[in-house]
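Colleague: Starting off with a structure, shown below.
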Amino acid sequence: MPTSGKANLTQFLIEERRRAPGATGELNALITDVSLACKAISRKVAFGALAAGVLGSAGSANVQGEEQKQLDVLSNDIFIAANEWGGHVAGMASEEMDEVYTLPPQYPRGKYLLLFDPLDGSSNIDVNVSVGSIFSILRAPNAGEDASAEDFLQPGTEQVCAGYAIYGPSTMFVLTLGSGTHAFTLEPLLGEWILSHPNLQIPKRTREFAINASNSRFWEPAVRRYVEECLAGQTGPRESDFNMRWIASLVAETHRILMRGGVFLYPRDTKDPARPGRLRLLYEANPIAFLVEQAGGGASTGRQRLMAVQPAEIHQRIGFVFGSSEEVERIERYHHDEPQDTYRSPLFGTRGLFATID
């Protein structure tokens, strides 16, 4: 066989559908459309500076006030074009759109809602670091009708599917429908997604963590305590040396953890008291949490299970900790046990490792 006996994405989805006798195939069709959008974005990313209108600023900002790259806007347009016409969605929401996207009147409305970050980590595009696309699928409360913003405000536990594509040395599509997390690699000659990593499992223990240390002066005491203990190495309370990583691409961080373990922290901090976190709940944190939990890992706000959070708005931000379950549980415990105004870190004081000021 051209795929060396491994299932492709279509075969995998058919097998999943056979396990649900009442399934109509609409979800499979929607996932196929999403995967097609990811193929198209992968091509644009791969050409880099050789393609016109891909690199550099778009001269605009998204709803969060962040500068949009040209490829952000292009990727958003690709997602919309691939998914608006098929009759599978009742509406879409994206990081790059202020409001919920209403389908053109000529297209039928379906029974699902699609949320996506069309190009996560786009600040890395100009330096050729791996980026990706993230998506989440929910059931539409009013199938066949235009979706309202309130329809999207469902906790992560209501997701029926989530996934991401990573555009790196190889392009991969990672997916869960609630029965494990599975990774497909794009075979470039056939243009097929081949199931290369079925049933991914995150080790319960790890000696690797990822956090943006430049924000250390804004961390809450529990996060300071956790990072200090990791950095103390074999002579510290953890009695083990840890490696620290930071890519500034959520998809790339997630992929590393799914493949070899680790823990990622982008916690709530005091840098901007008006924001309870940095990452977006609905189209970044929730889909990643679903994938991680289905791979045996943990996903938390730092204080509670992330997918149990009831969203309040489309672009809501939240603190996010995920990865190897024992580390996520430890971080939650530190938040619950440590008085939030008493822990003083010798590593992060005025003479600390990062020379910050208490």
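Colleague: At 7 Å along the Cα-to-beta-carbon direction for both residue 260 and residue 85, put a label point, then send me their distance in nm to one decimal.
Modeller: About 4.2 nm, to one decimal.
Colleague: Here is a follow-up. Packing-wise, with mean Cβ within 10 Å as the measure, how do 261-270, 228-237, 280-289, 306-315 rank, highest first? Could you put the intermediate results ahead of the total?
Modeller: Details: 261-270: 22.2, 228-237: 15.0, 280-289: 27.6, 306-315: 16.7.
Output ranking for 261-270, 228-237, 280-289, 306-315: 280-289, 261-270, 306-315, 228-237.
Colleague: So, one more: Across the Cα atoms of the chain, what radius of gyration and what greatest pairwise Cα-Cα distance (Dmax) are found, in Å?
Modeller: Considering the chain through its Cα atoms, Rg and Dmax are 20.5, 66 Å.
Colleague: Using 0.36 nm per residue of separation minus the Cα-Cα distance, give me the extension gain between residue 36 and residue 326 in nm, one decimal.
Modeller: Values: separation 290, 0.36 × 290 = 104.40 nm, distance 3.64 nm.
Stretched out fully, the residue 36 to residue 326 stretch lengthens by 100.8 nm.
Colleague: Please report the net charge: other residues with Cβ closer than 15 Å to the Cβ of residue 110, K and R +1, D and E -1. Don't skip to the end; give the middle numbers.
Modeller: On the way: positive: 109, 111, 139; negative: 26, 33, 84, 145, 146, 151.
Residues close to residue 110 contribute a combined charge of -3.
Colleague: Please compute the modelled spin-label separation between residue 185 and residue 243, points set 7 Å along Cα→Cβ, answer in nm with one decimal.
Modeller: According to this spin-label approximation, the distance is 2.0 nm.
Colleague: Sticking with this structure for a sec: Determine, from the Cβ-Cβ distance of residue 146 and residue 303 and an R0 of 22 Å, the FRET efficiency 1/(1 + (r/R0)^6), rounded to the nearest 0.05.
Modeller: On the way: r = 36 Å, r/R0 = 1.63.
Computed FRET efficiency for residue 146 and residue 303 comes out at 0.05.
Colleague: Show me, for segment 110-117, the HN-Hα J-couplings you get by feeding each phi into the Karplus relation (A = 6.51, B = -1.76, C = 1.60, θ = phi - 60°), rounded to Hz, glycine and proline as x.
Modeller: Once rounded to whole Hz, the list reads x, 10, 10, 10, 10, 10, 7, 9.
Colleague: Which semi-axes, in whole Å and largest first, does the equivalent ellipsoid of segment 9-197 have when worked out from the alpha carbon gyration tensor as the square roots of 5 times its eigenvalues? Before the final figure, lay out each step's value.
Modeller: Working: eigenvalues 135, 95, 37 Å².
Computed over segment 9-197, the values are 26, 22, 14 Å.
Colleague: Can you work out the FRET efficiency for the pair residue 207 and residue 43, with r the C-beta to C-beta distance and R0 = 45 Å, to the nearest 0.05?
Modeller: Rounded to the nearest 0.05, the efficiency is 0.75.
Colleague: Sort largest first and round to whole Å: the equivalent ellipsoid semi-axes of segment 208-337, each the square root of five times a Cα gyration tensor eigenvalue.
Modeller: Working: eigenvalues 97, 59, 35 Å².
Listed largest to smallest, the semi-axes of segment 208-337 are 22, 17, 13 Å.
Colleague: Please state the relative contact order of segment 9-197 as a whole percent: Cα pairs under 8 Å, 6+ residues apart?
Modeller: The normalised contact order for segment 9-197 reaches 15 percent.
Colleague: Hey, what did segment 224-293 get for relative contact order, percent, Cα under 8 Å, at least 6 apart?
Modeller: Details: 38 pairs, mean separation 9.9, N = 70.
So the answer I get is 14 percent.
Colleague: So, one more: Going toward the positive end of the dipole of segment 9-197, with +1 on Lys and Arg Cβ and -1 on Asp and Glu Cβ, which of 86, 25, 155 do you reach last?
Modeller: The residue sitting most towards the positive pole is 25.
Colleague: So, in Å, what gap is there between the alpha-carbon centers of segment 208-226 and segment 70-90?
Modeller: One Cα centre to the other: 36 Å.
Colleague: Another question, then. Could you give the nm distance between label points at residue 127 and residue 336, where each point is 7 Å from its Cα heading toward the beta carbon?
Modeller: Going from the residue 127 label point to the residue 336 one covers 3.8 nm.
No value in this document is a laboratory result; all are computed from the given coordinates. Because the structure is predicted, anything quoted here is derived from the model rather than measured. Note that each Cβ is placed from the backbone with ideal geometry, even for glycine, and that neighbours are counted across all protein chains shown.
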